Amino acid sequence: MVRNLLGSVLALAGATAAVWSPFRAWYDGRHGRHYRLGDLFSEDGVTGVRPELFASLFLPFAVAALITVVGLLLRSRLLVGLAGVVVLGFTVLWMVRVGQAEDSLTVTGDAGRGLGVGTGLAFGGGVLLLVAAVVLRGRGRRAAPVAPAEPSGPSVPTLDGPHPREPGYTTPAEDAPTATWRRPPMDHS
């Protein structure tokens, strides 16, 4: 239970960081919501066009947050891990495309130049989601099926008498020449 609670907190923190990241500066003071999602997949690369919110980097991170919530509700480590891969994948893809457009990436810079807090939030959020997927216990495995109990059917008479552990067993001196009742052996095939 503690692992699930800790994993849930980590997953929610990671999803929150990922969703919050487009509202922070990603590169050279430009916010993540100002990067068009289509630019990551186009030949032109990253452009200066400012898109609508749901056409920006916000969309994959919002979808990852939704996958995280569903994964936590279903206690699915796979879904939480998938959300982490989505966040990290889009963050790394963005870094590659900006690096191609700028011919380099500045990790630290002066006066708001270089990678910003938003990039760190997205990267950290993706890592937190992956760590949460490892920490979560997930669903328990289903128990193995229990063998059915022997049916209690009618007994048939036998002449050899009951087993020593069954009620009604008598010593040879007490044996009478009468038939005793005993269940036939069960056929388990």
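The values are calculated or read from the model by the stated rules, or taken from the named source; none is laboratory data. Given the structure is predicted, the values throughout are model-derived calculations rather than measurements. We work out accessible area using only protein heavy atoms, side chains counted, and drop any ligands, DNA or RNA first. Shrake-Rupley method; radii C 1.70, N 1.55, O 1.52, S 1.80 Å.
Tabulated data for the structure shown
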quantity: For residue 31, distant residues with modelled amide H under 5 Å away; calculated: 26
quantity: The stretch 1-127 - accessible surface per residue (Å², probe 1.4 Å); calculated: 53 Å²
quantity: Protein accessible area in the stretch 40-128, 1.4 Å probe - carbon and sulfur %; calculated: 66 percent
quantity: Pairs of alpha carbons in the stretch 17-89 whose separation is greater than 13 Å (percent); calculated: 66 percent
quantity: Table column - 3J(HN,Hα) (Hz), the stretch 87-104, Karplus curve with 6.51, -1.76, 1.60, x for Gly and Pro; calculated: 5, 5, x, 6, 5, 5, 4, 4, 4, 5, 5, 5, x, 5, 5, 8, 6, 5
quantity: Net lengthening on full extension, residue 43/residue 134 (0.36 nm per residue, minus Cα-Cα); calculated: 29.1 nm
quantity: The stretch 53-58 - phi-based ³J(HN,Hα) in whole Hz, Karplus 6.51/-1.76/1.60, Gly and Pro as x; calculated: 4, 7, 10, 10, 5, 4
